[in-house]
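Asks: Would you mind keeping the following structure in view while I ask a few things?
The values are calculated or read from the model by the stated rules, or taken from the named source; none is laboratory data. Here the structure is a predicted model, which is why all the values come from computation and not from measurement. Using ideal geometry, Cβ is built from the backbone for each residue, glycine included, and neighbour counts are taken over all protein chains shown.
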Ligand SMILES: NC(=O)c1ccc[n+]([C@@H]2O[C@H](COP(=O)([O-])OP(=O)(O)OC[C@H]3O[C@@H](n4cnc5c(N)ncnc54)[C@H](OP(=O)(O)O)[C@@H]3O)[C@@H](O)[C@H]2O)c1
């Protein structure tokens, strides 16, 4: 029987770490991102810009066509792809950029979760959705309006779906995870924002200079261990730093 992971943003950063971690542990991986990794890492890669809803639908359909419910023991979706967005106070951000970040960080996880639940409705295996959220869901950072709002939305999505699914026989279990400060391109772009656009920039420079960042591999391994130890209970919002 196969263990299946569908993950967004498996091309770099935390998503790449997670894809490698689950693959090492026997999962077949389907990664959805805009770019493909050339030298691979046995992951089935699907090119899709998650800001385009119609492409998400086609991609998920293509992936499910390759799956066999009678040969699947575990089906997991990780909503990982994310975009920090333009870092600036909201009146300085063009409407299209606001829209794009919300599309990638919130609408895509909503659409993916909807399609995942729909397509796997009659599947009898273990089914779960893990959404990579952020402490920004509960801490308002100036200049991160879309990022904070989208992560707060992801957490609420988790809570609503957990209620919808909890009384369904073999429903989908869902959690949100705050991964801590991870050494990825997203952190580099936060640190590189001009101070006049981002009041907290020094805090992020300090995290880096003080060696406080986790590697993607550390976080991926922690998430995997939480998963296999049964800690990812339906509806939980977990912060890696406090577990
Ligand atoms: N790094 C941190 O400190 C930190 C802290 C808290 C939460 N997080 C969360 O962790 C998750 C992973 O972030 P990261 O730090 O690993 O960021 P990253 O290194 O910038 O990677 C982002 C990933 O998302 C994909 N992606 C971005 N826009 C996309 C789009 N329009 N369509 C398809 N894929 C897209 C990228 O793939 P392509 O470029 O190939 O499309 C890439 O694989 C995000 O949800 C982020 O909010 C990160």
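Asks: Do we have any residue at all in region 134-148 that's away from the ligand (no atom under 15 Å from the Cβ), within 16 Å of the chain's Cα centre (by Cα), crowded, with 17+ Cβ neighbours inside 10 Å and in contact (Cβ under 8 Å) with a residue 40 or more places away in the chain?
Replies: Scanning region 134-148, I find no residue that is away from the ligand (no atom under 15 Å from the Cβ), within 16 Å of the chain's Cα centre (by Cα), crowded, with 17+ Cβ neighbours inside 10 Å and in contact (Cβ under 8 Å) with a residue 40 or more places away in the chain, so the answer is no.
Asks: I'm trying to understand the selection: among the residues of region 20-42, which are within 21 Å of residue 120 (Cα to Cα) and in contact (Cβ under 8 Å) with a residue 24 or more places away in the chain?
Replies: Residues satisfying the conditions are 22, 27, 28, 29, 30, 31, 32.
Asks: Can you pull out the residues in region 181-202 that are within 8 Å of the ligand (Cβ to nearest atom) and in contact (Cβ under 8 Å) with a residue 40 or more places away in the chain?
Replies: Scanning region 181-202 gives 182, 184, 185, 186, 189, 190.
Asks: Of all residues in region 1-32 being buried (at least 24 other Cβ atoms within 10 Å of the Cβ) and assigned to a loop (DSSP other than H, G, I, E, B), which is nearest to the ligand (Cβ to nearest atom)?
Replies: So, considering only residues that are buried (at least 24 other Cβ atoms within 10 Å of the Cβ) and assigned to a loop (DSSP other than H, G, I, E, B), the one nearest to the ligand (Cβ to nearest atom) is 9.
Asks: May I ask you to say which residue of 170, 88 is buried (at least 17 other Cβ atoms within 10 Å of the Cβ) and either over 19 Å from residue 241 (Cα atoms) or touching a helix residue (DSSP H, G or I) at 6+ places or on another chain (Cβ under 6 Å) (or both)?
Replies: 88
Asks: A follow-up question, please. Quick one: in region 33-61, which of the residues that are farther than 18 Å from residue 78 by Cβ and assigned to a helix (DSSP H, G or I) is farthest from the ligand (Cβ to nearest atom)?
Replies: 61
Asks: Another question about this same structure. Report, by residue number, each residue of region 207-227 that is free of Cβ contacts under 8 Å to residues at least 60 places away in the same chain, more than 14 Å from the ligand (Cβ to nearest atom) and part of a helix (DSSP H, G or I).
Replies: Passing the criteria: 209, 225, 226.
Asks: Being modelled with pLDDT of 95 or more and touching a helix residue (DSSP H, G or I) at 6+ places or on another chain (Cβ under 8 Å) is the requirement here; does residue 131 meet it?
Replies: Here the answer is yes, as residue 131 does meet what is asked.
Asks: Pairs needed: first member in region 1-14, under 14 Å from residue 108 (Cβ atoms); second member anywhere, within 6 Å of the ligand (Cβ to nearest atom) and part of a loop (DSSP other than H, G, I, E, B); C-beta distance under 6 Å; at least 6 residues apart or different chains.
Replies: Close Cβ pairs (under 6 Å, with a partner that is within 6 Å of the ligand (Cβ to nearest atom) and part of a loop (DSSP other than H, G, I, E, B)) amount to 7/80; 8/80; 8/81; 9/80; 9/81.
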